Amino acid sequence: MSINKEKYLEIIQQLGDKATLVAVSKFKPIEDIRALYDLGQRDFGENFVQELAIKYEALPKDIRWHFIGHLQSNKVKYIAPFIHLIHGVDKEKLLLEINKQAIKNNRVIDCLLQVHIAEEETKFGFDSQEVQELAKRIFEPESINYTNVSIRGLMGMASFTEDREKIRNEFKNLNTLYSTLKLKRATLNVLSMGMSGDFSIALEEGSNMVRIGSLIFGGR
Ligand SMILES: *Cc1c(COP(=O)(O)O)cnc(C)c1O
């Protein structure tokens, strides 16, 4: 077994009731997830649909599975029956497909809009203006396209850099956008930001959901 139990307990302690821990188990074996589950962890995050589907089948059904990777529209159907929260909605087309699959499964699927907060070119997500425009359309009372998706908040990834102030500023910007949207829709309650390397900064900047993998499960 290769999970770091001490680190896990330390993180849980640090988060307290301020933030939910999503344990990111991508590429990690079922036994490691099971070991963390036995310590009481229930929220797990995965990046790949096929891997997630296999793990879902093999593990206890009270696990809340979070999809945190880049999701392709044609794969939504495989996770729609059971997914707890989709963090990485980065296109309106994807949201429409999630809605369609949610209807087929007779459920409402919770989603976060992914915001591009880092300067890097390669990260997926909307920019701040796009999010506001999309949110406006989704939140309209007469919006008929989004009957079975529920936007719970925002998700973002900071730049991969040693520059702590830069990371802090990116998180700050995301929190500002989150607060702006929350004024329009009070039911928003998730700000997903912070990973192994930067979650302490994210907490200071208002995160209430962190996605931590390597600190708990070891390197990938
Ligand atoms: C892999 C991943 C994480 C976890 O990364 P660590 O640095 O291992 O904590 C968090 N969020 C997303 C979107 C990821 O892809």
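Given +1 at the Cβ of Lys and Arg, -1 at the Cβ of Asp and Glu and no other charges, the dipole of region 118-162 around its Cα centre is 320 debye to the nearest 20.
Taking all protein chains in place and a 1.4 Å probe, what share, in percent, of the accessible surface of region 19-110 do carbon and sulfur account for? In region 19-110, the share of accessible area belonging to carbon and sulfur is 51 percent. Counting only Cβ charges, +1 for Lys and Arg and -1 for Asp and Glu, the dipole size of region 100-220 around its Cα centre is about 660 debye. The calculated FRET efficiency for K77 paired with T147, based on their beta-carbon distance and R0 = 25 Å, is about 0.90. Would you mind computing the Rg to Rh ratio of region 54-185 from its alpha-carbon coordinates, Kirkwood style for Rh? Rounded to two decimals, Rg/Rh equals 0.99.
Loop-located GluC sites (Glu not before Pro) in region 75-164 (DSSP state not H, G, I, E or B) with no more than 16 neighbouring Cβ atoms inside 10 Å: E119, E120, E121, E142, E162. A cut-off under 10 angstrom between Cβ atoms defines the neighbours of R168, and their net charge, with Lys, Arg +1 and Asp, Glu -1, is -3. Global dimensions of the chain from alpha-carbon coordinates: Rg and Dmax equal 16.8, 52 Å. Summarising the amide proton neighbourhood of R64: residues at separation of 5 or more, or on other chains, whose placed amide H is nearer than 5 Å comprise D43, F44. Would you be so kind as to identify which of W65, I86, N106 lies farthest towards the positive end of the dipole of the chain, taking Lys and Arg as +1 and Asp and Glu as -1 on Cβ and the Cα centre as origin? It is N106, whose Cα lies furthest towards the positive end. Residues in region 1-123 average 50 Å² of solvent-accessible surface per residue, probe 1.4 Å, ligands and nucleic acids excluded. Using only alpha carbons, region 59-117 has a radius of gyration to Kirkwood radius ratio (Rg to Rh) of 0.95. Electrostatic tally near G153: other residues with Cβ closer than 13 Å to its Cβ, Lys and Arg +1, Asp and Glu -1, net +3. Dipole magnitude for the chain: about 700 debye, using +1 per Lys or Arg Cβ and -1 per Asp or Glu Cβ, origin at the Cα centre.
The values are calculated or read from the model by the stated rules, or taken from the named source; none is laboratory data. The structure presented is a predicted model; accordingly, all values stated were derived computationally and were not measured. Using ideal geometry, Cβ is built from the backbone for each residue, glycine included, and neighbour counts are taken over all protein chains shown. These accessible areas exclude ligands, DNA and RNA; they are computed on the full protein's heavy atoms, side chains included. Shrake-Rupley method; radii C 1.70, N 1.55, O 1.52, S 1.80 Å.
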